[in-house]
Amino acid sequence: MTVIRQDDVIQSVADALQYISYYHPKDFIDAMNDAYLREQNPAAKDAIAQILINSRMCATGHRPICQDTGIVTVFVHVGMNVTWEADMSLDDMVNEGVRRAYLLPDNVLRASVLADPDGKRQNTKDNTPAIIHHKLVPGDKVDIHVAAKGGGSEAKSKFAMLNPSDSVVDWVMEQLPKMGAGWCPPGMLGIGIGGTAEKAMQIAKEALLDPIDIQDLQARGPSNRAEELRLELFDKVNKSGIGAQGLGGLTTVLDIKVKDYPTHAANKPVAIIPNCAATRHAHFTLDGSGPAALAPPKLEDWPEITREAGDNVKRVNLDSITPDEVKTWQPGDTLLLNGKLLTGRDAAHKRMVDMIAKGEPLPVDMKGRFIYYVGPVDPIGDEVVGPAGPTTATRMDKFTRTMLEQTGLLGMVGKAERGLEAIEAIRDNEAVYLMAVGGSAYLVAQAIKKSRVVGFEDLGMEAIYEFEVEDMPVTVAVDSQGTSVHQTGPAKWKEIIAQTA
């Protein structure tokens, strides 16, 4: 009879969460490197390069791959012959492991979990509680999978109760454009089919824990309907032309995972859950011998990639930028930002818009300035700021017109596409939206040389900061005329792929 000790569970969960905060799985690195070598769209290729460079930096520096260090999901399989040396519940053990991981001084992880989600939305300060799934299984060991899932990709999850005769493939391809690029492709899609509504969602999430092995499946061929769906969807999704970060290109997904479960004769529940470029998960087994030990990967597992600036790169001085200069920028241009850059995301934008409505002065003058949608990780040691990649820009769409017209804001920096409401406001005010690469948070942080809070300090990571940046890489995603590269890029590459098929 195996005895599993409470402290072993706590320490193993904590260690695993730290591990996945800065180590990508090797299968992901290999697949992303293959996508980089294959990519023909320069903008998409550069985005993949940034993701791979960032990944290598995080592996060596032991700092988070993404500033959104996720909400923790844990799948625990408990052997029925196990006994426990513990005075805490299993959930409490797991949550204590999460708490220790996210508060570790050597690599503090951003706490993003809020209690009272439709009320005060107060941060729990330690990223607990986790989402925990248990299963009793034969045996005398405890298997644990941990994953940290960012809010941007989780927000793009989809569910439907299809009719039994409806096509899963058609439904998935119908949802794909609605998901936009906020889930930071290229990544994976987990698809759950069957069971009940909650079961379909659970197995879709669980599917994302499987290794990337679509090439093996392509080589041997499918043996069941789930594998047939994987192959068909992998082909069709990549032919969509959405590409890395939604810029258009050859690779939108690195793999498609499908799990199914028996369902009621009247139903066909289907769920899609995407995994982003910050793919973070690990598996370990407790056998009573002590905490789990996860072996660090070898540095040679990461390709050595350098970014090539190209001819269309422009250095921009944010401290002297003019509206006329902004009007010269074209969709897809690469810019290197220098100077003072403000920050602000959901909570700060809501507060600013409320203050504007009341006629109250804002804490900082935004006329002619740029704002970066980011909630950085706290710095450690001599860092100016922790990993500071962009958050999903569409969440700020409803605030955009007010911000542009009432504050004189000239431009915005964020992740993925903008919606029609924001694009129209950008066009009407001859402003601009710039895209930073999601999944390159540590790389972006290296461009930030100074940081100070200039407003709403009580909001923590959602406060308004002023960064001083040097050569921060961005792409012109919506120009002053309202042309969006997230509309033109995928359309162009879908056509190119169709012509070469």
Item checked: Residue ID - surrounded by the fewest Cβ atoms within 10 Å (Cβ to Cβ), chosen from residues in segment 100-146 that are in a loop (DSSP other than H, G, I, E, B) and of a type in the set (D, E) -> D118
Item checked: Scan of segment 298-326 for residues that are open to solvent by 80 Å² or more (accessible area, probe 1.4 Å), more than 30 Å from V94 (Cα to Cα) and in a loop (DSSP other than H, G, I, E, B), ordered by number -> E304, T306, R307, E308, D311, D319
Notebook entry, point to check: Which of (1) modelled with pLDDT of 95 or more; (2) in contact with a Lys or Arg (Cβ under 6 Å, 6 or more places away or on another chain) is the odd one out, the single condition T402 does not satisfy?
Noted result: (2)
Margin query: Cβ-Cβ under 6 Å, sequence separation 6+ or interchain: first residue in segment 280-296 and closer than 15 Å to K141 by Cβ, partner part of a loop (DSSP other than H, G, I, E, B). Which pairs?
Written below: F284/A292; T285/K141; D287/K141
Margin query: Testing S153 on (1) open to solvent by less than 60 Å² (accessible area, probe 1.4 Å); (2) part of a helix (DSSP H, G or I); (3) more than 26 Å from C184 (Cα to Cα), one condition comes back false. Which one is that?
Written below: (3)
Check: Quick check, is T83 modelled with pLDDT of 95 or more, out of contact with any Leu (no Cβ under 7 Å at 6 or more places or on another chain) and crowded, with 20+ Cβ neighbours inside 10 Å?
Finding: no
Checklist line | Tally of residues being over 24 Å from G389 (Cα atoms) and in contact with a Ser or Thr (Cβ under 9 Å, 6 or more places away or on another chain) across segment 354-366 | finding: 3
Check: Residues in segment 384-403: is at least one out of contact with any strand residue (DSSP E or B) (no Cβ under 6 Å at 6 or more places or on another chain), part of a loop (DSSP other than H, G, I, E, B) and open to solvent by 20 Å² or more (accessible area, probe 1.4 Å)?
Finding: no
Next item on the list: May I ask you to list the residues in segment 441-465 that are small (G, A, S) and farther than 14 Å from G375 by Cα?
Entry: A447
Margin query: Need pairs with beta-carbon distance below 7 Å; first residue assigned to a helix (DSSP H, G or I) and within segment 458-479, second open to solvent by 40 Å² or more (accessible area, probe 1.4 Å); sequence gap 6+ or separate chains.
Written below: G460/N123; E462/D346
Check: Can you pull out the residues in segment 351-364 that are in contact (Cβ under 8 Å) with a residue 24 or more places away in the chain, open to solvent by 40 Å² or more (accessible area, probe 1.4 Å) and assigned to a loop (DSSP other than H, G, I, E, B)?
Finding: L362, P363
Next item on the list: From the list T69, T83, pick out the single residue that is outside any helix (DSSP H, G or I) and more than 24 Å from G386 (Cβ to Cβ).
Entry: T83
Next item on the list: Could you list, in sequence order, all residues of segment 27-43 that are at pLDDT 95 or above and assigned to a helix (DSSP H, G or I)?
Entry: D27, F28, I29, D30, A31, M32, N33, D34, A35, Y36, L37, R38
Margin query: Residues that are touching a helix residue (DSSP H, G or I) at 6+ places or on another chain (Cβ under 7 Å), at least 1 per element: which helices (runs of 4 or more DSSP H) completely within segment 194-270 meet that?
Written below: 214-220, 225-238
Next item on the list: Could you identify the single residue in M173, M161, M88 that is over 20 Å from the mean Cα position of the chain (by Cα), surrounded by 13 or more Cβ atoms within 10 Å (Cβ to Cβ) and in a strand (DSSP E or B)?
Entry: M161
Item checked: Yes/no for A295 being modelled with pLDDT of 90 or more, hydrophobic (A, V, I, L, M, F, W, C) and either open to solvent by less than 40 Å² (accessible area, probe 1.4 Å) or assigned to a strand (DSSP E or B) (or both) -> no
Margin query: Looking at (1) closer than 30 Å to S480 by Cα; (2) assigned to a loop (DSSP other than H, G, I, E, B); (3) under 20 Å from the mean Cα position of the chain (by Cα), which one does A278 not meet, given that it meets all the others?
Written below: (1)
Item checked: Evaluation of I380 against (1) loosely packed, with under 15 Cβ neighbours inside 10 Å; (2) out of contact with any helix residue (DSSP H, G or I) (no Cβ under 9 Å at 6 or more places or on another chain); (3) in contact (Cβ under 8 Å) with a residue 60 or more places away in the chain (one fails), failing number -> (2)
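The values are calculated or read from the model by the stated rules, or taken from the named source; none is laboratory data. A quick note: this is a predicted structure, and the numbers were derived from the prediction, not measured. We place every Cβ from the backbone using ideal geometry, glycine too, and count neighbours over all the protein chains shown. What goes into the accessible areas is simple: the full protein's heavy atoms, side chains included, and nothing from ligands, DNA or RNA. Shrake-Rupley method; radii C 1.70, N 1.55, O 1.52, S 1.80 Å.
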